[in-house]
Every structure is written in C-alpha cells, then in structure tokens.
Amino acid sequence: MTTLCFRGPDIAIVGWIPYFGALADLPAGHNYKTSLAMHLLFNSGNDEPPTEFSGGYEEFADWLKSRKDYRGALYLHDVILRYEEDKPAPIISYQVEGIMGYTPIQLKLGIFKGAIRLKGQSPNDYPEPLTQALPENRGVTISFRYCFKLSPIVDIMQRAITGRWAPNAWGAIDYEISKSGRVRINTSGTAIPTQDIYVDWKRVDNYRHDMLANSSQNIRGFLNDTPGCADAPPGTRQSVWEAASTC
C-alpha cells in the first residue's frame, strides 16, 4: 500500500546558438572579438526555440525530431517518488535522455539558399544518470550530465582555421525531490551555447543562460583555454525551487 506519492515537475535544457549573418549584427555590448572563427560560429546559428511546448513532452520530442535546430538537449520527466508502508526506503522512477543536436551550414548554390544540418558527434559514451537517496531517506537526488559537440566535418574546419579541435559543450541537471514534496532543481552548463531552461515545458526566462552576455573571461575559457576535445569549464548555474504534486 502506498502511503506517499509525489510527482515532480518536468525539466529540460535546450542548447542553441543565436544566428547572425555578420558579426556587425550582434547587439551592442557583446565581448566576442572579430575573427573568421567567430563569424562561422554565429553564421551557423539556430532559430530561437519555442517559449512553450503546450502539448508537453510529446510536442517537445516531436520538435526535436522535426526541426533539428539546436546544438543539444537533455530532459528529465515523469519523476515519481513513492513511499510504501512496508518499504522505508523511497522508490523513484523517471525518464531521462540526452539528445545530440546539429550544426547548420549556410549554403548559396545557384538558386538554392538555405542550410544543411550536420549531426554533432558524441564526445563520450552515453552517460547513465546517478540516483542517490538523501540522508535518513528524506528523498532522492538524480544527477544527469550530457555533452554535445560540433559535427565532425565542422570540427575539421574549425581546426583548419584555429589550429585547435573544438571543446565539448555540456549541460547538467541535478534534481532533488523530497518526502516533504519540495523539489530543488539545479541546472548548469558551459558558457557556449545559449541554454534555455524549461519547467513543465514552459521556458523560464529568468533561468536562461544567454551566450551573448558572456564575459570575455567566459568566452576565452571556452574557446581558447580548454584543450581540444575536452569538456569546457562551467559557465552557468541556476537553482529552481518547485513543489511536487500528489500522485
């Protein structure tokens, strides 16, 4: 017999690069230096993702498959925490996944003008989420981190231009759901790309990491100070407090 059952909110991160055809089009106040590499970075940008997926996870999953207009995404949904009378330890279930995105390449060939989207490469094996009980069985934490990188062809171009292989971008979700019904969600990731945070499939603008607002130090840390093919340092971290609903 179940004595307690809580459903936590769904959480998702979408990483994307804002598109600018020329560096002169970037908004005033940015800290990106003029170079061919920077031009190629923003010229391979994406359309801004939707502000909301009103159809929930199914609409989000359909968008990921149909648009292919993002660098990488990860999500955690259907989080259920249960306590049963004859089992003092919590029982947790959830769905989690990381999705490799695409690098758009702008082309102008005769009458054709548009972008081809090349799938990124996985820098490591698919990671398993880490699930741990809180002290005194007060709840459960779920930690999930996912890396994503340029497509191999674009990475070769990047190395030809800069002399360096591209670093690995990543996003991470640390999700804590407690016996009291409180949920704490920490999201983190690299300075590049922009990372949109969705709670129950609605974008929370206060938690967005906008790569256009990066400091010179964060840009240098990602592009210049990270060895090629290594994980770039963290550039953003946000905390979200939510309430779970009863099952």
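The numbers here are math on the coordinates, done by the rules we state, and not lab data. Just so it is clear, the model here is predicted, and its values are computed rather than measured. Cβ placement follows ideal geometry from the backbone for every residue including glycine, while neighbour counts extend to all protein chains displayed.
To the nearest ten degrees, helix 152-162 and the longest principal axis of the Cα atoms of the chain are 50 degrees apart. Between the beta carbons of residue 122 and residue 85, assuming R0 = 35 Å, the FRET efficiency works out to 0.20 to the nearest 0.05. Of the peptides 161-170, 24-33, 226-235, the order by per-residue mean of other Cβ atoms within 10 Å, starting with the highest, comes out as 161-170, 226-235, 24-33.
Taking all Cα pairs closer than 8 Å and separated by 6 or more residues, the relative contact order of the chain comes to 23 percent. Of all DSSP-defined beta bridges confined to the chain, some 95% are antiparallel rather than parallel.
If you count Lys pairs in the chain whose Cα atoms are under 29 Å apart, skipping same-chain pairs closer than 8 places in sequence, the total is 23. For each cysteine in the chain, check whether another cysteine's C-beta sits under 4.7 Å from its C-beta; list those where none does. Cys with no partner Cβ under 4.7 Å: 147, 229.
Which entry in (i) 30.2, 111; (ii) 19.7, 71; (iii) 26.0, 100 matches Rg and Dmax of the Cα atoms in Å derived from the coordinates of this structure? It is the value labelled (ii). Short-range pairs are left out: with C-alpha atoms under 8 Å and at least six residues apart, the relative contact order of segment 127-247 is 25 percent. Comparing Cα centroids, segment 52-96 and segment 130-196 end up 15 angstrom apart.
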